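The values are calculated or read from the model by the stated rules, or taken from the named source; none is laboratory data. On a predicted model such as this, the values are computed, not experimentally measured, just so you know. FYI the Cβ positions are ideal-geometry reconstructions off the backbone, even for glycines, and counts take in every protein chain you see.
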Amino acid sequence: MPSLPRAPSPMPPPCARARHAVAAVLLGAALLAGGASALAAPAHLPPATDLAAQGAAAAGKGEPLVVLVSLPGCVYCETVRRNYLGPQAAAGEIEARELDMTAATPLRNADGTMTTARDWARSHNVSVAPTVLFLDARGRSLAAPLQGLQPDFYGAYLEQALDQARAALAAAPR
């Protein structure tokens, strides 16, 4: 007696189901591990627009104004923003702003004069992106800038610079 043809099964074969299940578990784990920080880290930090006001607001909280000087499309800038500065700013741990070192965007300097982001970066000798500066309310540097990205120890370098800037700010006469 000839056998009847079998109807195709709506379920994929067992090995394909296992691969799909493993992929789903891995995707879920990746979202849990990185999803929270990706949601907390903004695509860009708030823009530096008025360094006098933004610096004074940061100093009023006992914090330096952290300025990320970046370039459009800079993957290293994105890494610094997403993995370090963004999460800390979102958690309220730092006061951070960002400026594009190539932009003609108006910027009020710490002394109240108007300039552009590009001219401000040049006047502060910023020629590498990313560069992170740690400023007081008068626009003075409180710690050595972090230039470029040293991925193995960047978090430690950032914390060291923040500690130095906070200590300098606390020791400054008011």
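Against the conditions (1) β-branched (Val, Ile, Thr); (2) surrounded by fewer than 21 Cβ atoms within 10 Å (Cβ to Cβ); (3) within 13 Å of the chain's Cα centre (by Cα), Thr105 satisfies every one except (3). Between Ala104, Ala58, Ala96, the distinction of being modelled with pLDDT of 95 or more and in contact with an Asp or Glu (Cβ under 7 Å, 6 or more places away or on another chain) belongs to Ala58 only.
Residue selection: Thr115 satisfies the criterion of being part of a strand (DSSP E or B), at pLDDT 95 or above, among the polar types (S, T, N, Q) and assigned by TED's automatic domain parsing to the domain that holds Thr49. The residues of region 62-108 that are outside any helix (DSSP H, G or I), in contact (Cβ under 8 Å) with a residue 12 or more places away in the chain and more than 23 Å from Gln164 (Cβ to Cβ), listed by number, are Leu71, Pro72, Cys74, Asp100, Met101, Thr102, Ala103, Ala104, Thr105, Pro106, Leu107, Arg108. One residue alone among Ala129, Ala91, Ala103, Ala117 is closer than 27 Å to Ala171 by Cα and not basic (Lys, Arg), and that residue is Ala91. Figure legend. Inter-residue proximity from region 147-163: first residues over 18 Å from Val128 (Cα atoms), second residues charged (D, E, K, R) and surrounded by 11 or more Cβ atoms within 10 Å (Cβ to Cβ), beta-carbon distance below 9 Å, spacing 6+ or different chains. Indicated pairs: Leu162/Glu63; Leu162/Glu93.
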